[in-house]
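The values are calculated or read from the model by the stated rules, or taken from the named source; none is laboratory data. Here the structure is a predicted model, which means the values were calculated and not measured. Virtual Cβ from ideal backbone geometry, glycine too; neighbours counted across all protein chains shown. For the accessible areas, the whole protein counts, side chains as well, though only heavy atoms, and no ligand, DNA or RNA atoms are used. Shrake-Rupley method; radii C 1.70, N 1.55, O 1.52, S 1.80 Å.
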Amino acid sequence: MFGIDIFDASLIPAMLVALVAGILSFLSPCVLPIVPPYLAYMSGISVAEMKTGRSPLLAALFFVLGLSTVFLLLGLAASAFGAFFLGNASTFATLAGVVVMIFGAHFLGIYRIGFLDREMRLDAGDHGGSAFGAYILGLAFAFGWTPCIGPQLGAILSLAAQEGNVERGMMLLAVYAAGLGIPFLLVAAFFARLQPFVSFMKRHAERIEKIMGLLLWTIGLLMLTGGFSSFSYWLLENMPFLAALG
């Protein structure tokens with residue numbers, strides 16, 4: 001599955017973008033603040049107990065598996081339409097680029113798009129304190145926080161669709177899920193030690209949002225101009241060893 005037809009140097013720029021987008025999604029103002037209560041609910045222990053060293057890591061792991069399941073399915077769906085998108089590549093790249101740049105301008109504060117400032121939290125039921133409940137909550141998170149992480153996720157889905165290959169598209173979504181999920185696991189494993197960092201990031205939420213906006217605007221511009229292909233060629237010219245990857 002990880003042969004040269006799936007992974008090569010041309011995929012590296014998109015994978016880097018997917019990873020950064022996932023990390024910024026985790027640090028966004030409507031995700032980071034809910035991490036402690038989510039971890040407490042999923043693990044069945046209080047935030048105070050987590051500060052004393054009790055670990056919610058197992059629950060966090062199943063939560064990440066839940067949200068990754070949804071992202072991979074979305075990647076599968078986007079990639080399955082790859083042939084259609086490739087047949088209309090120019091039009092699709094222009095439309096996708098413009099939409100992503102509009103989202104980026106929203107996060108930069110140039111103007112505000114109303115629905116992106118709202119959260120739609122789904123109730124995962126009374127399953128707190130169980131691995132199954134954590135998995136269901138992960139599914140609900142992936143679906144319910146779409147207004148918040150939707151622009152970043154949409155940009156990665158657009159890149160996945162342009163790949164025209166199911167495996168490569170799903171790989172991009174897997175990298176995005178890793179960027180969003182690994183920080184959850186790190187906070188769960190080192191909750192007490194990371195409290196100063198979490199507090200620091202909350203205080204700078206506005207700056208993080210602007211960084212997210214700049215990333216999205218740049219992605220949109222690269223879609224419009226074919227910059228991803230140019231960057232891939234640059235990588236191959238300046239790092240010849242990457243050619244061995246595919």
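Taking all protein chains together and rolling a 1.4 Å probe, residue 167 ends up with roughly 80 Å² accessible.
So with the 1.4 Å probe, I'd like the accessible area per residue for segment 17-70, rounded to whole Å². Provide the component values of the computation, followed by the final result.
On the way: 1980 Å² over 54 residues.
Value returned for segment 17-70: 37 Å² of accessible area per residue.
When nucleic acids and ligands are ignored and a 1.4 Å probe is applied, residue 51 ends up with an accessible area of around 110 Å². Spacing of the modelled spin labels on residue 132 and residue 167, each 7 Å from Cα toward Cβ, amounts to 3.5 nm.
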